[in-house]
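K.L.:
Below are the structure tokens for one structure; questions will follow.
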Amino acid sequence: MDWMIDAEEVSLTYPKGVQALDRVTLKVAPGEFAFIVGPTGSGKSTFLKLLYREEVPDTGRLKVDGIDVPALRRGHVPFLRRRLGVVFQDFRLLPQRTVEENVAFALHVTGATRRRLRTRVQEVLQEVGLADRSRAYPHELSGGEQQRVSLARALVHQPPLLLADEPTGNLDPTTSWEIVQLLSAINEQGTTVVMATHAQDMVDRMHRRVIFFENGQIVGDVKEGGYLRDTQPA
Ligand code: ADP
Ligand code: MG
């Protein structure tokens, strides 16, 4: 099996001695949609950081889309980053740039032609339902719209893997649900989606795979789960 994510016994202790991950083993197949849930401080964000190589594990093996992530030399990290997109709770848009420019920014570095760039940016904005706001600035948009821009930016280079770290953390329930539905639609187009979240209701309603973190370990993994582990069959 060619896994999209193949982590074997990865551990990470931060410099001041906090063990954030303790022998985490996890496999995610291409095309899956998986939630990562667990209390604050349980290691969810740290695990995602390993995947996009913001952090490197102390021990263990880790492959993302076949790439041996810990072994990547600094100069080769862009190859990994082209294979995935990441969205965060706080959107991280460039405030002085329009929607279109924010999304195009990620593509500039890949050396696409102007025409190709414009076409692709419009296409992905369409996909997230923001085609008519391409000239707006982030502060002119609602939180939900800003997260859609952030999603468009993460997807503009058509990565096979999308990572989302509490993407609905700053959004009201209705908007959160819309964003998750959008992630689900993106997943149905073939993109593997891994999303860390606290939004219990949403996880329960989605009936997707749920991976439970606690104290840096995976303590549960349910195929079509809900948020509460003790409601699940053993
Ligand atoms: P979660 O996303 O589940 O809330 P994190 O992965 O952010 O958890 O954090 C896991 C543990 O690592 C926590 O104890 C947190 O305080 C600690 N931690 C996270 N980032 C750092 C860091 N950059 N330096 C030191 N400790 C950190
Ligand atoms: Mg976190």
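K.L.:
Under a crude label model (7 Å from the Cα following the beta-carbon direction), how far is GLN200 from ARG61 in nanometres?
P.N.:
It works out to 3.8 nm between the two label points.
K.L.:
Right, next: Between 0 and 90 degrees, rounded to the nearest ten: what's the tilt of helix 143-155 against the longest Cα principal axis of the chain?
P.N.:
Long axis of 143-155 versus the principal axis of the chain: about 80 degrees.
K.L.:
Can you tell me the alpha carbon radius of gyration of the stretch 1-147 divided by the globular rule-of-thumb value 2.2 N^0.38 Å?
P.N.:
Compared with the compact-globule rule of thumb, the stretch 1-147 sits at 1.21.
K.L.:
Now for a separate question. For the stretch 1-71, what is Rg from Cα atoms divided by 2.2 N^0.38 Å, rounded to two decimals?
P.N.:
Relative to the 2.2 N^0.38 Å estimate, the stretch 1-71 comes out at 1.06.
K.L.:
What number do you get for the stretch 152-191 when its Cα radius of gyration is normalised by 2.2 N^0.38 Å, N = residues?
P.N.:
Against the compact-globule rule of thumb, the ratio is 1.19.
K.L.:
If you build a Gaussian network model of the chain, linking Cα atoms that sit under 10 Å apart, which residue out of GLY169, GLY43, GLY17 swings the most?
P.N.:
GLY17
K.L.:
Shifting gears a bit: Modelling each spin label as a point 7 Å along the Cα-to-Cβ direction, I'd like the ARG82/ARG114 distance in nm, to one decimal.
P.N.:
2.4 nm
K.L.:
Which residue fluctuates the most in the chain, going by a Gaussian network model with Cα springs under 10 Å, if the choices are ILE218, ILE67, ILE36?
P.N.:
ILE67
K.L.:
Between ALA131 and ALA71, what is the spin-label point distance in nm, taking each point 7 Å from the Cα along the Cα→C-beta axis?
P.N.:
Taking the simple label geometry, ALA131 and ALA71 are separated by 4.4 nm.
K.L.:
Continuing with the same structure: Once you list every other residue whose beta carbon is under 10 Å from the beta carbon of PRO159, what net charge do they have if Lys and Arg are +1 and Asp and Glu are -1?
P.N.:
Around PRO159, the charge tally is +2.
K.L.:
If you average 1/r across every pair of different Cα atoms in the stretch 157-234 and take the reciprocal, what Kirkwood value do you get, in Å?
P.N.:
When all Cα pairs of the stretch 157-234 are included, the Kirkwood radius is 13.3 Å.
K.L.:
May I have the extent of the alpha carbons of the stretch 94-234 along their three principal axes, as whole Å values ordered from largest to smallest?
P.N.:
So the extents along the principal axes, rounded to whole Å, are 54, 29, 26.
Here, each number is a calculation from the coordinates, and none is a lab measurement. Quick caveat: nothing in here was measured; it's all calculated off a predicted structure. With ideal geometry, Cβ positions are generated from the backbone for all residues, glycine too; neighbour counts draw on all protein chains shown.
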